[in-house]
Every structure is written in C-alpha cells, then in structure tokens.
Amino acid sequence: MILDDIVEKRKEQLQREKDNIEPQDMKEMALNSKNKNHGFKEALKKSGLSVISEVKKASPSKGVIAEDFRPVETAIAYEDAGAAAISCLTEEHYFKGGSKYFADIRAKVNIPMLRKDFIFDEYQIYEAKVLGADAILLIAAILSEEKIKEFYDLAKSLDLDCLVEVHNEEELKKVQEQNAREITIEDRAVKDGDILTIDYSGSVDGVKFEGGTAEDQTLVIGSGAFIPGFEEQLVGKNLNETADINVTFPEEYHAPDLAGKDAVFTVTVKAIKEKELPELDDEFAAEVSEFETLEDYKADIKEQIRARKKEEAKTERENKIVDAAVEAATMDIPEAMIEEQVQQMTDEFAQRLSYQGLSMEQYLMFSGMDAQKFADDLKPQAVKRIETRLVLEAIAKAEDITASEEDFKAELEKMAGMYQMETEQLEKIIQGAQKDQMMDDIAVQKAVDFLVSEAK
C-alpha cells in the first residue's frame, strides 16, 4: 500500500531530523516554547464554510503539481482569500514538503496552521510545537487506538489541536476511542482491554537485568506492547495483587543477552481502568466537531476535500497566469534592490519568528543552515517578488486599475474579522503611509484578477 511506503520513507526523514536535533533537545524546546495556539479549532467552528487551504508541491499520484513552488506566497494568498486555516505538508519524499516550508509560512501568516504529516512518533509532535503549529494531523489508518489517544493527550498538553483523518467507519470508531472516558475499576479482576497501572521487576536465572524494572507503567491488556504471554497472564488478577509472570524472550529480541531466554516478572497490579465509549451519534459529532449531526460530520469531511481542491486549483491557475506575464516581461533589476529585498525578507522572517518564541539562531539550527545559506536561498524568491510586483504595478497603471475606498473598507472588514477587532478601531490604526501601502496592495491584487479574467 502507498500509505505504508510513505510511512517507511517518513521514518528515514525522521532519523535525519533526530540526527540534527536530539529527541531530548527537541522535547525541551517544545516544552519551553512560547508559541501560542492561533485558535485552529475555533476557526473551523465559525459560521459558514471553513476552508483549510493546503500548501503542497507534489503528491504520490500526480508527482510534482507545482513546478514553481512558492509556499509562502501561496499561503499568503490563501490567507487573503479568507481561508480559515492553512495546512502545510512536511513529508519530503512523496510530497516534496519540509519543516522549512512550514516555518517560513508560519512567520508570514496570522491564521492557524496545521502540520500535515504522517505522524507515528512523539518527536514529530514536539517538533510541530517548535515549528509554531496550531494543530497536527493524526491519520487513523496508520495509528492504533492507543497511539491516537497517546498522541492526542500529548498534543493537548502542548496546546496543540488534533485533526483526525478518517476515511471509513472503522477509522471513525478510532476517533470514538480517542474520546472515551476511563472508568476506575475496583470490584472485579483484570479482563482483556483493561488499562492497567503496574509495577514490575524482571529476572533471568534469578538475576535482575537492565531495563527489566519499572514503576507506574501503563499497560493496555491485548495491545501486544509487552513480550508474548505477559499480558495474557495478567487476565484474572485482582487489584493490588502481586504475581509472577513467566515468559520467554523472542529469539529475535533486540537485546542479544536476553534473546530466547526464560524470564520471570514479578508484577503488582496497582490500578485497573476500562474505557467507556461515547455513542457514535449526533451528540458525539457535536462534541468532536462543529456539527450537530453525525451525518453532517461525515459530509463535512467530503466537503472539505472538495473545497480544498477547488481553492488549490484557483490559486494554481492564478500563479500560472501571473508567472506567464512575468516571463513575458523584460526588466533589469539592480543588485542593490535585490539585496535590499533579501534583507527585508530576512528581517520580516526574524520578527515573525520572535512572535512564535523562536530565535533566528534556533531556526537556522533546526533547518541545518547558516545565515549565508539562508540569504542565498531567499535571493530567487526576492527576485521573483520584485519582478512580480513590478509587472503587476505596470499592468495596474496601464489598465488604470486603482483601489477605491470601498475596496479599502472591504479589506478592513476582512482583517477585523481575522484579528477579532472592530473595523472602526482598525481603520484608526491603518492610516498614512500604511494605508497607502494597503491601497497599492489591493490594486496589485485587482491586477491579478484582471489577468485571470482576460485569460478566460
């Protein structure tokens, strides 16, 4: 299956990320992060259709779908178009994504961001927090019910929302499991499916071995998390009971000195819990989503896919038309202008990083770059930005395209809704040169709209 192949390739990428930043360092960075949640869940609950717009260079089925990939510009366009949130792929092999793209976008947009990836390791969740994500994607098809719950709890502890990708009824049940309550049991013995808290001490030939002792260990009976035979022997044991569990380590066990050896674990059952599942009904849908009925929840999954594809197609078409206009133009851009643009983009990026509690030094470490490499990577984007702006300004001038006060008011209303401010309050702030710049930006966007209309 392609999903299995993606996960295998993602494991290779993850190892490179861990080689760059040790897991403990990543965890500490996440726990100390000042990044605040931009309200991902709340953004999707607003009235009307809430669109999560996706920034994606490639897909396994279609290959590269954006040859001239401009993730930041695309994301800004999504934000300007009224997207509720932005999804950015960080899988490198099949989707040609990366953490750098995510961090670049995070530093430029104000709406919530979803880190869309194939998450199977807690490192990726800590990493998402450091990158400034507001939400992560958990794919039911590649995670067990236990892992979904574990990752969900970890994400919530880091103030990250979770979007669970569900493709069928079976996966929807995993979301049901994720939202189950744990009930403490005191009046019966352990049974399959119970969640235990145990202490254990293991020995081989009467000698304790390294890693064989633990306290307050959580174990789900039937999960297969422990060596074969361990969990099964705990069934029927009672609360506070201590028992000897006899097992044999597999021949292929990762520790050679234990492989194939008989062992005895002395286990104490300290707590027994069971899951109480919510009904898969309208009440459930209202709890885990913004919808009042289960059917509406299911329909929304399909509608979001349709709307996302439509928005992606619109943005892709605009980019192609604008690119064609830029390619047809001839201009000589002074090197000083390019350097100024690069510096401006660098300063903007650093400032936005600071809002996320991340320094430029931390970002460079995370991305594996130095300052010069960062500037060099920005240069093509800077040139492209200058060329595009000059061409669109020239078109606006030639076609007498200007921004009206009505256009300005409409843009203010959009911004006011985004920042949860009164339009009048925002208008008092945006005056003088700032207003002039905003009017110019509106005119440039109208020039884009003009080009698209002419290309029909």
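The values are calculated or read from the model by the stated rules, or taken from the named source; none is laboratory data. Every value quoted in this text rests on a predicted model; they were computed, and no experiment measured them. No Cβ is skipped: glycine too gets one built from the backbone with ideal geometry, and neighbour counts run over all protein chains shown.
Taken residue by residue, the range 310-325 has at least one member that is over 33 Å from the mean Cα position of the chain (by Cα), part of a helix (DSSP H, G or I), surrounded by 13 or more Cβ atoms within 10 Å (Cβ to Cβ) and not β-branched (Val, Ile, Thr).
Pairs linking a residue in the range 422-435 that is over 14 Å from Ala410 (Cβ atoms) to a residue that is assigned to a loop (DSSP other than H, G, I, E, B), with Cβ atoms under 9 Å and 6 or more positions apart or on different chains, are Ile429/Met421.
Tallying residues that are part of a strand (DSSP E or B) and either touching a residue at least 60 places away in the same chain (Cβ under 8 Å) or not assigned by TED's automatic domain parsing to the domain that holds Lys237 (or both) within the range 261-296 yields 14. Taken over the range 128-153, the criterion of being touching a strand residue (DSSP E or B) at 6+ places or on another chain (Cβ under 8 Å) and within 22 Å of Asp5 (Cβ to Cβ) is satisfied by Ile136, Leu137, Leu138, Ile139, Ala140, Ala141, Ile148, Phe151. Counting the residues of the range 146-161 that are surrounded by fewer than 19 Cβ atoms within 10 Å (Cβ to Cβ) and part of a strand (DSSP E or B) gives 0. Only one of the numbered conditions (1) free of Cβ contacts under 8 Å to residues at least 40 places away in the same chain; (2) touching a strand residue (DSSP E or B) at 6+ places or on another chain (Cβ under 8 Å) is violated by Pro256, and that is (2).
Looking at Ile227, Ile221, can you tell me which residue is surrounded by 11 or more Cβ atoms within 10 Å (Cβ to Cβ), at pLDDT below 85, within 36 Å of the chain's Cα centre (by Cα) and among the aliphatic types (A, V, I, L, M)? None of the other options fit; the residue is Ile227.
Conditions tested, residue by residue: (1) over 18 Å from Met415 (Cα atoms); (2) more than 11 Å from the chain's Cα centre (by Cα).
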| residue | (1), (2) |
| --- | --- |
| Lys56 | yes, yes |
| Ser59 | yes, yes |
| Gly63 | yes, yes |
| Pro71 | yes, yes |
| Asp80 | no, yes |
| Ile86 | no, no |
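Candidates in the range 242-263 are the residues that are of a type in the set (Ser, Thr, Tyr) and at pLDDT 85 or above; of these, the one that is nearest to Phe226 (Cα to Cα) is Thr248.
If you go through the range 120-145 and keep only what is part of a helix (DSSP H, G or I) and closer than 23 Å to Leu31 by Cβ, you end up with Glu122, Tyr123, Gln124, Ile125, Tyr126, Glu127, Ala128, Lys129, Val130, Leu131. Residues in the range 179-201 that are of a type in the set (Lys, Arg) and either closer than 16 Å to Ala243 by Cα or surrounded by 11 or more Cβ atoms within 10 Å (Cβ to Cβ) (or both): 2 in all.
Once the range 136-145 is narrowed to residues that are out of contact with any Lys or Arg (no Cβ under 7 Å at 6 or more places or on another chain) and closer than 11 Å to Asp117 by Cα, the residue that is modelled with the highest pLDDT is Leu138. Considering the conditions (1) under 18 Å from Val72 (Cβ atoms); (2) free of Cβ contacts under 8 Å to residues at least 40 places away in the same chain; (3) of a type outside the set (Asp, Glu), Asn110 is excluded by exactly one of them, (2). With Lys208, Lys156 as the choices, which residue is under 30 Å from Ala286 (Cα atoms), among the basic types (Lys, Arg) and modelled with pLDDT of 85 or more? That would be Lys156, the only listed residue that is under 30 Å from Ala286 (Cα atoms), among the basic types (Lys, Arg) and modelled with pLDDT of 85 or more.
To keep it simple, each residue is scored yes or no on (1) under 20 Å from the mean Cα position of the chain (by Cα); (2) part of a helix (DSSP H, G or I); (3) on the phi < 0 side of the Ramachandran plot; (4) at pLDDT below 85.
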{"site": "Lys298", "(1), (2), (3), (4)": "no, yes, yes, yes"}
{"site": "Leu353", "(1), (2), (3), (4)": "yes, yes, yes, yes"}
{"site": "Gly357", "(1), (2), (3), (4)": "yes, no, no, yes"}
{"site": "Phe366", "(1), (2), (3), (4)": "yes, yes, yes, yes"}
{"site": "Met369", "(1), (2), (3), (4)": "no, no, yes, yes"}
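For the range 243-250, the condition of being part of a loop (DSSP other than H, G, I, E, B) and outside the structural domain of Ala189 (by TED's automatic domain parsing) holds for none of the residues.
Taking the criterion of being farther than 19 Å from Ala83 by Cα and small (Gly, Ala, Ser), the residues of the range 403-418 that qualify are Ala403, Ser404. Among the candidates Glu405, Glu399, the residue that is modelled with pLDDT of 90 or more, exposed (fewer than 12 other Cβ atoms within 10 Å of the Cβ) and under 30 Å from Lys320 (Cα atoms) is uniquely Glu405.
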